[in-house]
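K.L.:
What follows is a single structure, and I will ask about it in a moment.
The values are calculated or read from the model by the stated rules, or taken from the named source; none is laboratory data. All figures in this text were calculated on a predicted structure; none of them were measured in a lab. Because the Cβ atoms are built from the backbone with ideal geometry, glycine has one as well, and the counts that use them run over all protein chains shown. Accessible surface areas use protein heavy atoms only, side chains included; no ligands, DNA or RNA. Shrake-Rupley method; radii C 1.70, N 1.55, O 1.52, S 1.80 Å.
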Amino acid sequence: MKSIKYWSMLMLFFIASSATLLAQDGFGSFQEAMTGVRPFYGNSGPGNVNWINEGTAYSFTERGENGAQLIKTHDNKSGEEELIFSTEGLKVPSSEDPFSYVSFQWSDDSKFLLFQTNFRPVWRRSGISDYYYYSIEDKTLALVAKDAQTAELSPNGKMVGYERGGNLFVFNLAEKKETQLTDDAEDGFYNGRFGWAYEEEFGLAQAWEWSHDSEYIAFWQSDEREVPIYQMTDYQGTHKEYVKLPYPQVGDTNPTVKIGVINVSANSKEWMQVPLNDGYIPRIYWTAEEAKLAVMQMNRAQTEMRIYMADANTGKANMILEETSDAWIDVFDFFAGIMHYAFFPKDSKEFFWITDKDGYAHLYRYDYNGKLMNQVTTGDWEVVYVHAVDSKKKKIYYTSTEDSPLERQLYVVGFNGKGKKKLTEQKGRHNIDMAPEANYYIDRYSNTQTPTKVDLRDASGKLVVQLEDNKEVVDAVKDAQFVKPELSSFTNSSDDQIDIAIYKPVGFDANTKYPMVVDIYGGPGAQSVYNQWSVNAWHQYLVNNGYVVIQVNNRGGGGYGREFEKVVYKNLGHAEAQDFADAAKHMVSLGYVDADKIAIRGHSYGGYMSSFTILNHPDVFKVSIVGAPVTDWRLYDSIYAERYMGLKEDNEEGYINSSSTTYAKNLEGHMFIAHSTMDENVHVQNTFQLVKGLIDAGKDHDLKIFPPGAHGVAYNYPSYLLLMNNYINYLDRYLK
């Protein structure tokens with residue numbers, strides 16, 4: 001969509017021109033690299049897309065000339081665009097403060113908007129906000145919920161449900177009346193809200209759901225009063241203040257949950273009779289049957305999954321499906337932004353479940369008794385994302401790795417598994433945003449040689465209009481020292497094919513020996529290398545300053561099947577580290593990497609792997625840059641760690657062998673560690689235990705502590721620049 005205003009075009013031209021000049025001469029600093037790569041990102045098409053009018057149109061957001069927030073609509077057939085909301089001149093009701101918003105929701109009839117404003121973050125996905133209701137026709141704005149953690153319009157558009165202070169409420173829009181639905185919240189005990197662990201590790205911030213007919217609200221009641229408390233401080237002020245966080249480590253008492261259903265009109269409540277059994281309830285789904293709720297339960301080890309059908313009026317629940325595994329069972333994909341692997345169409349009494357039980361992640365179709373009707377997809381490839389389930393035409397639209405694990409392509413198939421058709425044609429990674437009605441979709445796609453293109457297409461894959469071609473990026477790259485990744489592969493020491501991306505230095509000479517940085521993440525289910533357009537200031541700085549950079553799709557990662565991914569079960573670190581070491585050796589064998597000048601760098605799980613790898617392969621890596629690392633999985637949260645390592649009593653030796661601290665005595669090269677004392681995710685305790693292990697072994701190292709900063713370590717722009725320059729100086733000191 002090309003609707004950028006004239007002044008914005010001038011600004012982009014200035015940035016692009018100056019940045020390209022910088023790129024032509026190389027990057028003298030990391031700050032120059034961040035500025036210099038901006039023109040190469042390009043535009044990603046319409047922002048904040050919401051499908052409206054039964055999928056025949058979508059809304060998108062822009063900024064006005066004076067910075068006003070604009071919401072426009074695009075009619076898919078006519079191509080006409082209309083401005084339907086602007087914050088220009090708009091005040092917060094009953095004040096003189098300018099109105100602005102963080103996000104918004106449409107009512108199902110596309111006549112009203114619910115705005116989220118005044119956001120105050122709590123954890124990664126959650127925060128406290130005020131919510132306002134806006135009429136498109138009357139252009140009226142009214143407060144409906146203040147200081148609520150989550151809020152949502154009812155499907156019939158007559159109410160807003162919300163959670164505030166651990167209790168649930170509804171606001172009747174016609175009567176302008178609030179009704180409290182629960183009243184027993186207290187510290188560590190919530191209705192319709194998750195604690196840190198559930199939110200972080202099961203991916204949802206909203207712990208309640210409207211029924212399709214707006215008659216019921218199903219919710220999690222969470223009790224974490226017996227969960228051990230973790231305290232953290234940034235050490236500011238005279239007397240330091242502590243943030244206290246219920247955080248279950250491996251083997252600790254977990255939060256307990258149960259599922260309640262509220263009949264909204266009667267303001268009555270029933271508890272669903274689903275046994276928790278020291279496990280989890282990660283998902284609930286309203287079904288196509290009136291007052292019927294599907295509840296998913298897992299054991300603590302997350303190797304068993306059960307689906308119950310529960311009656312909202314009586315609470316009676318019957319188990320209809322059970323699956324067991326010799327490793328963990330996935331219920332969502334954090335890295336791909338996929339919140340659900342189960343799908344319950346609201347107008348068809350059947351459901352679909354993605355599981356890798358045949359060796360690859362595929363779709364299976366069940367009736368409401370749990371009877372398998374058919375396997376929908378099959379093959380040595382993975383279903384990655386379900387974009388729409390069209391019950392009327394009995395078709396499912398999904399993205400898969402069928403062409404290549406490095407690509408994502410869109411397919412459609414019948415419920416019965418027949419009539420499969422590939423809808424996307426261009427090689428690369430396709431990011432699909434499809435209308436729930438499955439009549440149109442926006443396709444954002446690229447590959448290593450082609451910047452992002454954005455198309456609007458109909459359900460058959462026919463192009464309606466190209467929204468963005470990013471020709472400006474193509475032109476900018478021609479005259480710049482911009483390095484594109486080369487996709488390659490090698491066979492590791494276990495005879496697995498490992499895909500890698502190679503960034504060669506500017507002015508590459510095959511007869512020169514270069515230092516190399518292996519830039520990694522490496523966690524279960526993650527994937528680093530794709531056939532996609534890649535713009536990364538860190539990588540571009542390094543290649544402009546004489547480094548080879550590689551990324552690796554190591555074992556344990558997603559996209560390659562069950563055996564490839566779950567080989568790391570109960571033994572984290574070892575297969576991944578071996579793949580990183582093998583990748584480094586492979587690069588040395590090509591003749592242009594100096595075997596004595598190889599570094600590994602990562603953050604979070606990547607920090608774990610950068611420390612674990614240099615300690616287990618000291619003959620390969622000379623430098624390790626370690627950001628916010630887990631160093632012992634017994635110190636991490638129970639939901640994540642036990643998912644991949646098993647219960648502590650069943651795998652004590654595995655936990656010891658997967659700890660970086662266990663191998664501290666092996667350090668021969670140079671290790672730089674950065675962590676924040678306010679990291680609520682990976683506690684600084686991890687770093688301090690590794691540091692003690694190094695000290696005990698007489699091993700020198702370099703440590704940088706940021707008192708504030710959360711899990712990202714850096715907490716503002718200057719601190720981010722400082723952190724990255726620390727990394728750069730460390731590499732230059734020991735590899736050049």
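K.L.:
Place +1 on the Cβ of every Lys and Arg and -1 on the Cβ of every Asp and Glu in region 587-732, take the dipole about the Cα centre, and give the residue among V623, N716, H675 whose Cα lies farthest towards its positive end.
P.N.:
The listed residue farthest towards the positive side: N716.
K.L.:
Under a straight-distance cross-link criterion of Cα-Cα below 13 Å, which aspartates and glutamates are reachable from K736, leaving out those fewer than 8 residues away in the same chain?
P.N.:
D594, D596
K.L.:
Out of the total accessible area of the chain (probe 1.4 Å, heavy atoms of protein only), what percent is carbon and sulfur? Show your work: numbers first, answer last.
P.N.:
Details: 13880 of 29950 Å².
With neighbouring chains kept in place, the figure for the chain is 46 percent.
K.L.:
Which one, A388, G591, A510, projects farthest toward the positive side of the charge dipole computed for the chain from Cβ point charges (K/R +1, D/E -1)?
P.N.:
Farthest towards the positive pole: A510.
K.L.:
Taking only the alpha-carbon atoms of region 205-362, what semi-axes of the equivalent ellipsoid follow from 5 times the gyration tensor eigenvalues under a square root, in whole Å, largest first?
P.N.:
On the way: eigenvalues 192, 99, 45 Å².
One finds semi-axes of 31, 22, 15 Å for region 205-362.
K.L.:
Is the C-alpha gyration tensor of region 629-715 telling us rounded, prolate or oblate? Criteria: a/c under 1.5 is rounded; beyond that, a/b larger than b/c is prolate, otherwise oblate. Don't skip to the answer; put the middle values down first.
P.N.:
Working: a/c = 2.81, a/b = 1.16, b/c = 2.41.
Taking the square roots of the gyration eigenvalues as a ≥ b ≥ c, region 629-715 is oblate.
K.L.:
In Å, the Kirkwood hydrodynamic radius of region 171-277 over pairs of distinct alpha carbons?
P.N.:
On the way: mean 1/r = 0.0622 Å⁻¹.
This gives a value of 16.1 Å.
K.L.:
Then there is this: Straight distance only, please: which lysines reach the Cα of K471 with their own Cα at less than 16 Å, same-chain residues fewer than 8 apart left out?
P.N.:
Cα-Cα hits under 16 Å: K2, K453.
K.L.:
Same structure, new question: Name the aspartates and glutamates eligible as straight-distance cross-link partners of K316: C-alpha to C-alpha under 17 Å, and not fewer than 8 places from it in the same chain.
P.N.:
Cross-link targets: E270, E289, E290.
K.L.:
Might you report the magnitude of the Cβ-based charge dipole of region 249-341 about its Cα centre, with Lys and Arg at +1 and Asp and Glu at -1, to the nearest 20 debye?
P.N.:
Values: 7 positive and 12 negative charges, 71 e Å.
My answer is approximately 340 debye.
K.L.:
In addition: List, in order, the whole-Hz ³J(HN,Hα) value for each residue of region 348-353 obtained from phi through the Karplus relation with A = 6.51, B = -1.76, C = 1.60 and θ = phi - 60°; use x for Gly and Pro.
P.N.:
Running phi through 6.51 cos²θ - 1.76 cosθ + 1.60 with θ = phi - 60° gives 8, 7, 7, 8, 10, 9 Hz.
K.L.:
Same structure, new question: Can you give the charge dipole size of region 72-154 about its Cα centre, rounded to the nearest 20 debye, using +1 on the beta carbon of Lys and Arg and -1 on the beta carbon of Asp and Glu? Mind showing how you got there, number by number?
P.N.:
Numbers: 9 positive and 14 negative charges, 89 e Å.
Dipole of region 72-154, to the nearest 20 debye: 420 debye.
K.L.:
Let me ask you something else. Pairs of lysine in region 74-204 with Cα under 30 Å and at least 8 positions apart or on different chains: total?
P.N.:
Lysine pairs satisfying the spacing and distance rule in region 74-204 number 22.
K.L.:
Could I ask something else about it? Applying a 10 Å radius around every beta-carbon, put 315-321, 250-256 in order of their mean neighbour count, most first.
P.N.:
On the way: 315-321: 16.4, 250-256: 18.4.
Packing proxy ranking, top to bottom: 250-256, 315-321.
K.L.:
Another question about this same structure. Can you flag which of K394/K421; K240/K692; K357/K395 are past 18 Å Cα-Cα? Intermediate results must be reported in sequence, preceding the final value.
P.N.:
Details: K394/K421 14 Å; K240/K692 24 Å; K357/K395 23 Å.
Violating the 18 Å limit, Cα to Cα: K240/K692; K357/K395.
K.L.:
Can you count the Lys pairs in region 501-643 whose Cα atoms are under 25 Å apart, with each pair 8 or more apart or on different chains?
P.N.:
The result is 11.
K.L.:
Please list 214-222, 472-480, 409-417 highest first by mean number of surrounding beta-carbon atoms within 10 Å per residue.
P.N.:
Working: 214-222: 23.2, 472-480: 16.4, 409-417: 19.4.
For the peptides 214-222, 472-480, 409-417, the packing ranking is 214-222, 409-417, 472-480.
K.L.:
How do 158-164, 306-312 rank on mean C-beta neighbours within 10 Å, highest first? Could you put the intermediate results ahead of the total?
P.N.:
On the way: 158-164: 23.1, 306-312: 21.6.
Sorting 158-164, 306-312 by mean packing, highest first, produces 158-164, 306-312.
K.L.:
What translational diffusion coefficient, in µm²/s and rounded to a whole number, does the Stokes-Einstein relation yield for region 664-704 at 37 °C and a viscosity of 0.692 mPa s, taking the hydrodynamic radius as the Kirkwood radius over Cα pairs? Provide the component values of the computation, followed by the final result.
P.N.:
Details: Rh = 10.7 Å.
Value of D from the Cα-based Kirkwood radius: 307 µm²/s.
K.L.:
Quickly estimate the mean residue ellipticity at 222 nm for the chain, helices only: each DSSP H run with n ≥ 4 gives -39500 (n - 2.57), and the total goes over all residues, rounded to 500. Don't skip to the answer; put the middle values down first.
P.N.:
Working: 13 runs with 131 residues, N = 736.
After summing the helix terms and dividing by the residues of the chain, the value is -5000 deg cm²/dmol.
K.L.:
Moving to a separate point now. For region 276-292, just list the computed ³J(HN,Hα) in residue order, Karplus coefficients 6.51, -1.76 and 1.60, θ = phi - 60°, integers in Hz, with x standing in for Gly and Pro.
P.N.:
7, 6, 6, x, 9, 10, x, 8, 10, 9, 6, 9, 6, 8, 4, 6, 10
K.L.:
Taking each pair of distinct Cα atoms in region 398-551 once, what is the resulting Kirkwood hydrodynamic radius in Å? Could the numbers behind the result be given before it?
P.N.:
Working: mean 1/r = 0.0565 Å⁻¹.
In region 398-551 this quantity evaluates to 17.7 Å.
K.L.:
Further question on the same structure: When a/c is below 1.5 the answer is rounded, else prolate if a/b is larger than b/c, else oblate, so apply that to the chain with a ≥ b ≥ c taken from the square roots of the Cα gyration tensor eigenvalues.
P.N.:
On the way: a/c = 1.45, a/b = 1.25, b/c = 1.16.
Since a/c stays below 1.5, the shape of the chain is classed as rounded.
K.L.:
Just want the answer: with Cβ charges of +1 for Lys and Arg and -1 for Asp and Glu, which residue in L647, G359, Y242 is farthest toward the dipole's positive end in the chain?
P.N.:
G359
K.L.:
Once phi is turned into θ = phi - 60°, what whole-Hz ³J(HN,Hα) does the Karplus curve with 6.51, -1.76 and 1.60 give for every residue of region 243-256, x standing for Gly and Pro?
P.N.:
With coefficients 6.51, -1.76 and 1.60, one gets 8, 10, 10, x, 9, x, 7, 3, x, 6, 5, 8, x, 9 Hz.
K.L.:
Let a ≥ b ≥ c be the square roots of the eigenvalues of the Cα gyration tensor of region 494-583; is it rounded (a/c under 1.5), or, if not, prolate (a/b larger than b/c) or oblate? Write out the running numbers ahead of the final one.
P.N.:
Details: a/c = 2.51, a/b = 1.98, b/c = 1.27.
It is prolate, given that a/c is not under 1.5 and a/b is the larger ratio.
K.L.:
Can you tell me the accessible area per residue over region 441-538, all protein chains present, probe 1.4 angstrom, in square angstrom?
P.N.:
On the way: 3840 Å² over 98 residues.
Dividing the accessible area of region 441-538 by its residue count gives 39 Å².
K.L.:
Moving to a separate point now. To the nearest 20 debye, what charge dipole does the chain have about its Cα centre, counting +1 at the Cβ of each Lys and Arg and -1 at the Cβ of each Asp and Glu? All intermediate terms of the calculation are to be shown ahead of the outcome.
P.N.:
Details: 70 positive and 99 negative charges, 205 e Å.
In debye, rounded to 20, the chain gives about 980.
K.L.:
Please give me, ordered by residue number, the GluC sites (Glu not before Pro) of region 216-269 that lie in loop per DSSP and have at most 16 other Cβ atoms within 10 Å.
P.N.:
Hits after loop and neighbour filter: E226, E241.
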